[in-house]
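The values are calculated or read from the model by the stated rules, or taken from the named source; none is laboratory data. Just so it is clear, the model here is predicted, and its values are computed rather than measured. So basically every Cβ, Gly included, is an ideal-geometry build from the backbone, and we count neighbours across all protein chains shown. Note: accessible area is taken over every heavy atom of the protein model, side chains too, but ligands, DNA and RNA are not part of it. Shrake-Rupley method; radii C 1.70, N 1.55, O 1.52, S 1.80 Å.
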Amino acid sequence: MITREDIVALEERCLEQIREDNLYSLRNDAKLRAVLSSKNYEEFKNIVDSAHLTPLSASDKNNPKTKHRIWNSSSHV
């Protein structure tokens, strides 16, 4: 018999897999772009490593509720 805990665990595993797949896609797209634009391996690596980052707007930075938030951590992908 499938318990509620089994369903919750399955849902958590599915969500984690979705996050991992999204990060993989972001990094793969960055690799394809970086291969054409990088001058050396270090620049290539930096582009790929920062693939999950998104730009902040001025309102994001000045909003009192989010001003001290840790932005662009890899766990928010």
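Brief remarks on what is shown
- For the stretch 15-24, the set of residues classified as charged (D, E, K, R) and open to solvent by less than 90 Å² (accessible area, probe 1.4 Å) consists of GLU16, ASP21, listed by residue number.
- Single unsatisfied condition, HIS52 versus (1) open to solvent by 60 Å² or more (accessible area, probe 1.4 Å); (2) in contact with a Lys or Arg (Cβ under 8 Å, 6 or more places away or on another chain): (1)
- Of residues in the stretch 37-49 being in a helix (DSSP H, G or I) and out of contact with any helix residue (DSSP H, G or I) (no Cβ under 9 Å at 6 or more places or on another chain), the one most open to solvent (accessible area, probe 1.4 Å): TYR41
Condition check ((1) within 11 Å of the chain's Cα centre (by Cα); (2) at pLDDT below 90; (3) open to solvent by 80 Å² or more (accessible area, probe 1.4 Å)) across all residues:
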{"site": "ARG4", "(1), (2), (3)": "no, no, yes"}
{"site": "ARG13", "(1), (2), (3)": "no, no, yes"}
{"site": "LEU26", "(1), (2), (3)": "yes, no, no"}
{"site": "VAL35", "(1), (2), (3)": "no, no, yes"}
{"site": "LEU56", "(1), (2), (3)": "no, yes, no"}
{"site": "LYS61", "(1), (2), (3)": "no, yes, yes"}
{"site": "ILE70", "(1), (2), (3)": "no, yes, yes"}
{"site": "SER73", "(1), (2), (3)": "yes, yes, no"}
{"site": "VAL77", "(1), (2), (3)": "yes, yes, no"}
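- Near pairs, Cβ below 9 angstrom, 6+ apart or cross-chain, from the stretch 13-35 (over 16 Å from HIS52 (Cβ atoms)) to any residue that is in a helix (DSSP H, G or I) and open to solvent by less than 80 Å² (accessible area, probe 1.4 Å): VAL35/PHE44
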